[in-house]
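The next block holds one structure in the form of structure tokens; read it before the comments.
The values are calculated or read from the model by the stated rules, or taken from the named source; none is laboratory data. Bear in mind that the values here come from a model prediction, so they are computed numbers and not experimental data. Cβ placement follows ideal geometry from the backbone for every residue including glycine, while neighbour counts extend to all protein chains displayed. Side chains included, ligands, DNA and RNA excluded: accessible areas come from the protein's heavy atoms. Shrake-Rupley method; radii C 1.70, N 1.55, O 1.52, S 1.80 Å.
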Amino acid sequence: MEMLKLEVLRKENQDAYKGVMWLKNNRAIFNKPVYDPIMLAIDLKHTDFAKYVESHIGKMDLEGFICEDANDVNKLASELRENQNLRRINVFHSAPDPPESFRHPMSRSELERFDFLEYLSDMYDAPDAVHAYLCRQKNLHHVPVFKEENTNSGQLKQKFNNYNIGSQKFNVRKSKYSGELSTGTDDIGGRQVRRLLGAVDREEMGRVRDELETKTKMREQQRRRVETMQTTCNNV
């Protein structure tokens, strides 16, 4: 899967890909951990989550490196841009605050009546620094996803600035003058997943592993069968 992720990055941003290759042999020069671009650093928990996470984060951030030390940001950016002549490079600073420090505004039990699926921040696994960056900059821990619209869905705009229902992405704004709420929508159902195509690890790896195990057993059974038939032929 790691090779698939890298291949996706190479197609989408060759400069960032070359940066990853350089970083692989030079991590020791930095003060604290430096992470590969976010699209490589996160592992989605389910295939269907990719469209929600990718559409909310955006390509610039997904292709960005994360440094735990602020000084390492300048060091990495300078090295890749000036010495390696790579232009499409984004580097961000993020302290590795633990996931529990980013609390959800409403609990799962409170959201059940809206046909709740998951918060964006719970749709993947990632190093603490990467997760913290996404929560601080993109508020993923405040963006819920609901399976489908129901009779309670109209209340959601009073509770969240951003949320998803099915393939519809909602953005709520409050007028400075009247105080009224307006809701914008974007259909992401047909949007192609590009940068997180290779980040769907857990479910797919489990399925492939099970399939490989089954086929390996079948191949062994067939091998034994052929050996038995060969022995029988020789005896005849």
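Which is the longest part of the chain that has none of the trypsin sites (Lys or Arg not before Pro) sitting in a DSSP loop with at most 11 other Cβ atoms within 10 Å?
Longest stretch, sites excluded: 1-86.
If DNA, RNA and ligands are ignored and the probe is 1.4 Å, what is the ranking of 124, 17 by accessible area, most exposed first?
Ranking 124, 17 by accessible area, largest first, yields 17, 124.
If you bin every alpha carbon distance in the chain into 5 Å steps from zero, what whole percent lands in each bin?
1, 6, 12, 14, 14, 13, 10, 8, 7, 5, 3, 2, 2, 2, 1, 0, 0, 0, 0, 0
Report the number of Lys pairs in segment 96-236 whose alpha-carbons are under 13 Å apart, with separation of 8 or more residues or on distinct chains.
Close lysine pairs under the 13 Å cut-off: 4.
What ranking of 4, 134 comes out by heavy-atom accessible area, probe 1.4 Å, highest first?
Accessible-area ranking of 4, 134, largest first: 4, 134.
For the chain, find the longest principal axis of its Cα atoms and tell me its angle to the long axis of helix 202-235, 0 to 90°, nearest 10.
That works out to roughly 10 degrees.
Over all Cα pairs of segment 22-120, how is the pair count split among 10 Å bins, expressed in % and running from 0 up to the last occupied bin?
13, 36, 29, 16, 6, 1
Once the Cβ-Cβ distance between residue 161 and residue 82 is put in as r, and R0 is 41 Å, what FRET efficiency do you end up with, to the nearest 0.05? List each step's numbers first, then the result.
On the way: r = 39 Å, r/R0 = 0.95.
Computed FRET efficiency for residue 161 and residue 82 comes out at 0.60.
Tell me, what HN-Hα J-couplings in whole Hz come from the Karplus equation 6.51 cos²θ - 1.76 cosθ + 1.60 at θ = phi - 60° for each residue of segment 66-80, using x for Gly and Pro?
Those phi angles translate into 10, 10, 6, 9, 4, 5, 5, 4, 5, 4, 5, 4, 5, 4, 6 Hz.
Can you give the Kirkwood hydrodynamic radius of segment 105-197 from its Cα pairs, in Å with one decimal?
Answer for segment 105-197: a Kirkwood hydrodynamic radius of 14.5 Å.
Give me the percent of the accessible area of segment 4-140 that comes from carbon and sulfur atoms, probe 1.4 Å, all protein chains in place.
Here carbon and sulfur together make up 44 percent of the probe-accessible area.
Helix-derived [θ] at 222 nm for the chain: sum -39500 (n - 2.57) over DSSP H runs of at least 4, divide by residue count, nearest 500?
It lands at -12000 deg cm²/dmol.
Sequence-distant or interchain residues sharing an amide H contact under 5 Å with residue 119, placed H: which?
For residue 119, the qualifying residues are 145.
Rolling a 1.4 angstrom probe over the protein heavy atoms, how many square angstrom per residue are accessible across segment 89-236? The partial results should precede the final answer.
Working: 9580 Å² over 148 residues.
About 65 Å² of surface per residue is accessible.
List the residues, sorted by chain then number, that are 5 or more residues from residue 91 or on another chain and whose placed amide H is less than 5 Å from its amide H.
Under 5 Å from the amide H of residue 91: 65.
Can you give me the angle between helix 14-24 and the longest principal axis of the chain, using Cα atoms only, in degrees from 0 to 90, rounded to the nearest 10?
Between the helix axis and the principal axis of the chain, the angle is about 70 degrees.
Using the Karplus curve 6.51 cos²θ - 1.76 cosθ + 1.60 with θ = phi - 60°, what ³J(HN,Hα) values do you get for each residue of segment 36-49, in whole Hz, with x for Gly and Pro?
Coupling constants for segment 36-49: 4, x, 3, 5, 8, 7, 9, 10, 6, 8, 7, 4, 5, 6 Hz.
In terms of modelled amide H atoms, which long-range or inter-chain residues lie less than 5 Å from the amide H of residue 169?
Long-range HN contacts for residue 169: 186, 187, 188.
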